[in-house]
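The values are calculated or read from the model by the stated rules, or taken from the named source; none is laboratory data. Model, not experiment: these values are computed from the prediction. Neighbour counts run over all protein chains shown; Cβ positions are idealised from the backbone, glycine included.
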Amino acid sequence: MVRVLINVPKTARRGEVIELKVLISHPMETGQRRNDMGQPIPRDIIHSFRCTYNNELVLDADFYPAISANPFLSFTALAEESGQIVMTFTDDHGVEQTESRAITVA
Amino acid sequence: MNRRRFLVLSGAILLPAIWAPARATPAEVKAAIRRAVGDAPLQPGRVKLDVPVLVENGNAVALAASIDALPGEVRAMHVFADGNPLPNVGSFRFGPRTGQPRIATRMRLATSQTVIAIAQMTDGTCFTDSVDLLVTLAACLE
């Protein structure tokens, strides 16, 4: 489990475009670097990220090593009804982590 | 050739080889773009790529890409950096719950180069925007 900071508004009006922001604590090792012994450091990045709103897709992203360490992503969703915003991401070890936030739509 | 001269010369030959960041060839950049969007022609316009023109730290460069279109018209946004060892930066596919077709993130840049954003529409056409930028402190060197 890595530390994740997610910014989702708690409430929204129906039909409002809401801004979703996520910051994941992760080194995003590129695989291009070498250690002090000259050995290549193996790649270790979060390679996929997916966000859904009540099981409907908001954003499905592929990350490459060019995404900075501690990846930050900002995107938008359309608020139609109350429910759950779920974010899932997978790293090179195959570890999948899921975070969810509730939103109330008035 | 004495020892001092040999050391200086060998250093001059070896150091650039270690320090110069590997850079994708134009053919590799083209191939990466073709893998993402296929053979559709890239039309300039509609897409807005927002990155600083002068980058002080290549390890975290703010990047924002948007397109003047309704969310249902856009399938995905792809970002490429042609001077990185691997030109791909990220691919972002939109869904039925996307509010507006725009994303923002932070990327690494290995050297001064051109950053390209390509929006792929649901009908297969592609719009693009690119920015040439200068990087003073490159990423990936240590």
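Of all residues in segment B:63-98, which are touching a helix residue (DSSP H, G or I) at 6+ places or on another chain (Cβ under 7 Å) and not acidic (Asp, Glu)? If the condition is that a residue be touching a helix residue (DSSP H, G or I) at 6+ places or on another chain (Cβ under 7 Å) and not acidic (Asp, Glu), then B:78, B:80, B:87, B:88, B:91, B:94, B:98 are the ones that fit. Looking only at residues in segment B:1-39 that are modelled with pLDDT of 65 or more and outside any helix (DSSP H, G or I), which one is surrounded by the fewest Cβ atoms within 10 Å (Cβ to Cβ)? Step by step, filter segment B:1-39, then rank; the result is B:2.
Which residues, taken from segment A:59-80, are of a type in the set (Val, Ile, Thr) and surrounded by fewer than 24 Cβ atoms within 10 Å (Cβ to Cβ)?
Looking only at segment A:59-80, we keep the residues that are of a type in the set (Val, Ile, Thr), and these are A:67, A:76.
Residue satisfying the conditions is A:76 alone.
When segment B:76-105 is filtered for residues that are crowded, with 19+ Cβ neighbours inside 10 Å, in contact (Cβ under 8 Å) with a residue 40 or more places away in the chain and part of a strand (DSSP E or B), the ones remaining, listed by number, are B:76, B:77, B:78, B:80, B:88, B:91, B:105.
I'd like the residue in segment B:51-75 that is in a strand (DSSP E or B) and either under 16 Å from the mean Cα position of the chain (by Cα) or without any contact (Cβ under 8 Å) to a residue 12 or more places away in the chain (or both) and, out of all such residues, is nearest to residue A:27 (Cα to Cα). So that I can check it myself, show each step before the final result.
Within segment B:51-75, the first condition is being in a strand (DSSP E or B), and the residues that meet it are B:54-55, B:61-67, B:74-75.
Restricting the remaining residues to those that are either under 16 Å from the mean Cα position of the chain (by Cα) or without any contact (Cβ under 8 Å) to a residue 12 or more places away in the chain (or both) gives B:54-55, B:61-66.
Numbers: B:54: 25, B:55: 21, B:61: 16, B:62: 17, B:63: 19, B:64: 22, B:65: 24, B:66: 27 Å.
By that ranking, first place goes to B:61.
Which ones in segment A:3-38 are within 27 Å of residue B:100 (Cα to Cα), facing chain B (nearest Cβ under 10 Å) and among the basic types (Lys, Arg)? A:21, the sole residue that qualifies. Pairing each residue of segment A:83-106 that is of a type in the set (Ser, Thr, Tyr) with any residue that is surrounded by 13 or more Cβ atoms within 10 Å (Cβ to Cβ) and not in a strand (DSSP E or B), provided the two are 6+ apart or on different chains, yields C-beta distances under 6 Å for A:104/A:82. Residues in segment B:106-137 that are within 7 Å of chain A (Cβ to nearest Cβ) and either within 22 Å of residue B:70 (Cβ to Cβ) or surrounded by fewer than 21 Cβ atoms within 10 Å (Cβ to Cβ) (or both): B:106 only. Scanning segment B:87-101 for residues that are within 24 Å of the chain's Cα centre (by Cα), over 14 Å from residue A:72 (Cα atoms) and not small (Gly, Ala, Ser) gives B:87, B:88, B:93, B:94, B:98, B:100, B:101.
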